[in-house]
Amino acid sequence: MLEVAPLASSPTAPLPLGMRFRRRARLALAWLLSTLLCPSVPHRTRATEIMIRFIRATYLTRGLTAQHARGLESYRVDPADLPDVTVATKRWIVDLTSSLSAESTDGLPVVHLESPLQAKYAPPSSPLAWELAGEWMHPASSGPAPSPASSDRVILWIHGGAYALGSVARARGNVARLVAVTGRPVFSLEYRLAPEHVFPAALHDAVAAFLYLTRVEGIAPHAIVIAGDSAGGALAMTATLFLRDHGLAMPGGVALVSPLLDLDHSRLSPSETENAHLDILGDFSRAAAGEVCFNAPAVYLGLHRTNADRVAIARTEHLASPIVDVGSSDRQLPPVYISTGMAEMLADSNVLYAALLTRIPGRPRAVVHDIHRYRVHVFPFLEARTRDAARAVERIARFVNDVVGAKDDGGEQQRVEVAVFDDGEIVARGAKAGWAPRWKGIQIAKRVDWESTASGNDVIVRE
């Protein structure tokens, strides 16, 4: 009989004494610099500057592992502290073998998933069936929460955390904001984390969550928007690519906040070096060189692999690194929204991917790329009190409610919107304003031999 792995736990570990000392020394230096110096970018408060320096200092602690970092994540949001929403937990089983019946012996629904990635990439000890959980969050009402199947639009949210950190409980505050601004139910996925569960485990979980919503909850695929931040944004995109590649129904849209789309850090883009001292993500060059243990691509692709093998996967497997996707002549991707902070290290990879979506076969009907000056990684949630953050969440709501539901006019031209924001206001529009300033550096660093649509005429920019 097929053994079903229980809900995955994410073990933690206390910091060793020496590491605690080094981290406190770094935090003290970060506090001193933040106190003595002006904020490093405009529109950043001193409190935000201290927070960003603290997070970066922690990630740069030599010897830090995912388990250590989880031990520092004490923050959780209690549903009782969110009076404007109602919360309900759901559980189901994923089966890669199709040997389980539609309902398990525990009474949980079973989602069958076929994937060649398991045999190609997963360690031999990886389970073939496992339990998953997610959490519905609905706008509060006087009566019982309506069935999600009755809604014309729901969001499947995948939290960030470098594939190794985060949880549904930590993301509740962010999800509650999405519920409030969009007015839509949101289903938040508790996916398996690396390094205990390496690629393609989290991807399988994201796809299985979408299949659970469509097959078990009865929600129409086109009524679902898959969304996420950072690594969760990458999972939202790769899950959509998986559905496309395997002939399965795709979501109505994809919304990405600072997505981690490129796992090849052996060739750093300009923003990955220029913004290293401004952002929270640490230093990719030191991580790639092995000087810092907490390396998201290595943790996700598998510490048991050599660095050369991980780089090879990152450069060739689009279901790990969407940046290398070559499109599909048979199926068109749904509309894609990307929110990017130009002070974040992932800015160039976001620009490159947005441009890529305007030229690949089967390109989306619509691409919306919002670029916010001076903002860091996942700023809509990290810098939640800023005008840019409020505007970004409003723009996500606009995408979910207006762009995704817009009727296709049947034309061949693609709708592309590129907007540049400063302190919550649009200061420039178009690919030339948003992409062109970064393009030459991207071309050189990433060896891109094609021009972006910043200089082309095949893009419609809706003012």
**Q.** Of all residues making up segment 378-396, the number that are in contact (Cβ under 8 Å) with a residue 24 or more places away in the chain, in contact with a helix residue (DSSP H, G or I) (Cβ under 9 Å, 6 or more places away or on another chain), more than 15 Å from Ala419 (Cα to Cα) and not aliphatic (A, V, I, L, M)
**A.** 5
Q. Hey, any hits in segment 315-322 for a residue that's crowded, with 21+ Cβ neighbours inside 10 Å and part of a helix (DSSP H, G or I)?
A. yes
Q) When only residues in segment 269-282 that are open to solvent by 40 Å² or more (accessible area, probe 1.4 Å) and within 24 Å of Val324 (Cα to Cα) count, which is modelled with the lowest pLDDT? A) Leu281
Q | Residue check, Pro39 over 30 Å from Leu96 (Cβ atoms) and in a loop (DSSP other than H, G, I, E, B) | A | yes
Q: Among the residues of segment 79-106, write down those that are acidic (Asp, Glu) and within 23 Å of the chain's Cα centre (by Cα).
A: none
Q: Quick one: in segment 418-427, of everything that is touching a Phe, Trp or Tyr at 6+ places or on another chain (Cβ under 9 Å) and part of a strand (DSSP E or B), which residue is surrounded by the fewest Cβ atoms within 10 Å (Cβ to Cβ)?
A: Val427
Q.
Anything in segment 58-86 that is assigned to a loop (DSSP other than H, G, I, E, B) and among the small types (Gly, Ala, Ser)? List them, or say none.
A. Gly63, Ser74
Q) Is one or more of the residues making up segment 222-238 out of contact with any Phe, Trp or Tyr (no Cβ under 7 Å at 6 or more places or on another chain), surrounded by fewer than 24 Cβ atoms within 10 Å (Cβ to Cβ), in contact (Cβ under 8 Å) with a residue 24 or more places away in the chain and more than 21 Å from Pro335 (Cβ to Cβ)? A) no
Q) Restricting attention to segment 172-213, which residues are buried (at least 20 other Cβ atoms within 10 Å of the Cβ), more than 23 Å from Ala5 (Cβ to Cβ) and not charged (D, E, K, R)? A) Asn174, Val175, Ala176, Leu178, Val179, Thr182, Pro185, Val186
Q.
Considering only residues that are within 14 Å of Asn295 (Cα to Cα), surrounded by fewer than 16 Cβ atoms within 10 Å (Cβ to Cβ) and charged (D, E, K, R), which ones fall in segment 54-75?
A. Arg62
Q: Would you be able to tell me the number of residues in segment 127-142 that are open to solvent by less than 40 Å² (accessible area, probe 1.4 Å) and either assigned to a loop (DSSP other than H, G, I, E, B) or not aliphatic (A, V, I, L, M) (or both)?
A: 7
Q | Cβ pairs under 6 Å, 6+ apart, first in segment 9-29 and surrounded by 12 or more Cβ atoms within 10 Å (Cβ to Cβ), second of a type in the set (A, V, I, L, M, F, W, C) and part of a helix (DSSP H, G or I) | A | Arg26/Ala57; Leu27/Phe54; Leu27/Ala57
Q) Do we have any residue at all in segment 345-355 that's aromatic (Phe, Trp, Tyr), in contact with a Leu (Cβ under 6 Å, 6 or more places away or on another chain) and crowded, with 22+ Cβ neighbours inside 10 Å? A) yes
Q.
Can you tell me which condition Pro124 does not meet? The list is (1) over 20 Å from Leu243 (Cα atoms); (2) in a loop (DSSP other than H, G, I, E, B); (3) open to solvent by less than 40 Å² (accessible area, probe 1.4 Å), and all the others hold.
A. (3)
Q: Considering every residue within segment 33-45, establish whether at least one is within 26 Å of Leu178 (Cα to Cα), touching a residue at least 40 places away in the same chain (Cβ under 8 Å) and open to solvent by 60 Å² or more (accessible area, probe 1.4 Å).
A: yes
**Q.** Enumeration of residues in segment 49-106 that are within 25 Å of Pro11 (Cα to Cα), of a type in the set (Gly, Ala, Ser) and out of contact with any helix residue (DSSP H, G or I) (no Cβ under 8 Å at 6 or more places or on another chain)
**A.** Gly71, Ser74, Ala88
Q. If Pro116 satisfies every condition in (1) open to solvent by 70 Å² or more (accessible area, probe 1.4 Å); (2) over 24 Å from the mean Cα position of the chain (by Cα); (3) not small (Gly, Ala, Ser) but one, which is the exception?
A. (2)
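The values are calculated or read from the model by the stated rules, or taken from the named source; none is laboratory data. Remember, it's a predicted structure, so these values are computed and weren't measured experimentally. Reconstructed Cβ throughout: ideal geometry from the backbone, glycine too, with neighbour counts over all protein chains shown. Ligands, DNA and RNA are stripped out before the accessible areas are found, and what is left, the full protein with its side chains, is counted by its heavy atoms. Shrake-Rupley method; radii C 1.70, N 1.55, O 1.52, S 1.80 Å.
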